[in-house]
Amino acid sequence: TPASKSPLAARSLLTGLARAGDRIVAVGQRGHVLLSDDAGKSWQQADVPVSADLVAVHFPTATAGWAVGHDGVVLHSADAGKTWTRQLDGRSLGDVLVAYYTRSHSSNDSDKWLAEAKRFAAQGAENPFLDVWFDDARNGTIVGAFGLVLRTGDGGKTWAPLLHAA
């Protein structure tokens with residue numbers, strides 16, 4: 001469900017803050033993303049495709065940014081936070097993990113990691129992502145609860161889990 005527009009969004013709980021060039025981007029409860037182009041004096045609400053709580057946001061460039069939160073949500077903006085698209089969520093996360101560890105036979109522990117991936121998949125959208133960091137507009141990392149870490153090298157089009165790297 002998309003985030004609802006609310007005149008009180010700027011007074012709701014905000015849990016993450018980043019700069020997108022001169023713009024301030026704040027994320028918080030119910031999928032709210034707020035934008036300020038005047039150092040926080042006034043705020044406008046962005047268009048967001050989810051109503052899950054968002055907890056962290058990062059912009060490695062003035063226009064490219066990512067936000068993460070509950071329900072395994074990963075969002076991407078290419079326009080300094082004005083609009084957002086969903087790149088990953090808890091329902092598709094399980095498929096990503098299982099597919100990766102089904103293909104991966106590089107270690108003696110591959111059965112262990114496939115079982116762990118299937119456990120995450122069975123949980124569905126239960127696990128939150130808690131932080132996000134991108135080195136540039138292509139290479140980034142998202143971190144979630146219970147040792148969940150994923151990397152991308154293509155701006156979030158694909159994600160590689162790092163359960164085995166712990």
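Side notes on the structure shown:
- Residue identified as of a type in the set (D, E, K, R), surrounded by fewer than 17 Cβ atoms within 10 Å (Cβ to Cβ), closer than 17 Å to Asp71 by Cα and free of Cβ contacts under 8 Å to residues at least 24 places away in the same chain among Arg138, Arg151, Arg103, Arg119: Arg119
- Residue within the stretch 77-100 that is of a type in the set (Asp, Glu) and open to solvent by less than 70 Å² (accessible area, probe 1.4 Å) present: yes
- Which numbered condition Trp113 fails, given (1) open to solvent by less than 50 Å² (accessible area, probe 1.4 Å); (2) touching a His at 6+ places or on another chain (Cβ under 7 Å); (3) at pLDDT 90 or above: (3)
- Candidates are the residues of the stretch 4-42 that are part of a helix (DSSP H, G or I) and crowded, with 20+ Cβ neighbours inside 10 Å; the one that is farthest from the chain's Cα centre (by Cα) is Ala9.
- Residue match in the stretch 1-13 (condition: of a type in the set (Gly, Ala, Ser) and modelled with pLDDT of 95 or more): no
- Pairs where the first residue, in the stretch 1-25, is of a type in the set (Val, Ile, Thr) and the second is part of a loop (DSSP other than H, G, I, E, B) and surrounded by 18 or more Cβ atoms within 10 Å (Cβ to Cβ), C-beta under 7 Å, 6+ apart: Val25/Phe59; Val25/Gly81
- Any chance Gly65 is surrounded by fewer than 22 Cβ atoms within 10 Å (Cβ to Cβ), within 19 Å of Thr141 (Cα to Cα), of a type outside the set (Ser, Thr, Tyr) and at pLDDT 95 or above: no
- When Ala56 is tested against (1) more than 19 Å from Trp159 (Cα to Cα); (2) touching a residue at least 60 places away in the same chain (Cβ under 8 Å); (3) part of a strand (DSSP E or B), just one condition goes unmet, and that condition is (1).
- Looking across Asp131, Asp111, one residue alone is more than 14 Å from Leu162 (Cα to Cα), under 19 Å from the mean Cα position of the chain (by Cα) and not aliphatic (A, V, I, L, M). It is Asp131.
The values are calculated or read from the model by the stated rules, or taken from the named source; none is laboratory data. These figures come from a predicted structure and were not determined experimentally. Note that each Cβ is placed from the backbone with ideal geometry, even for glycine, and that neighbours are counted across all protein chains shown. Protein only, heavy atoms only, side chains kept; ligands, DNA and RNA dropped before computing areas. Shrake-Rupley method; radii C 1.70, N 1.55, O 1.52, S 1.80 Å.
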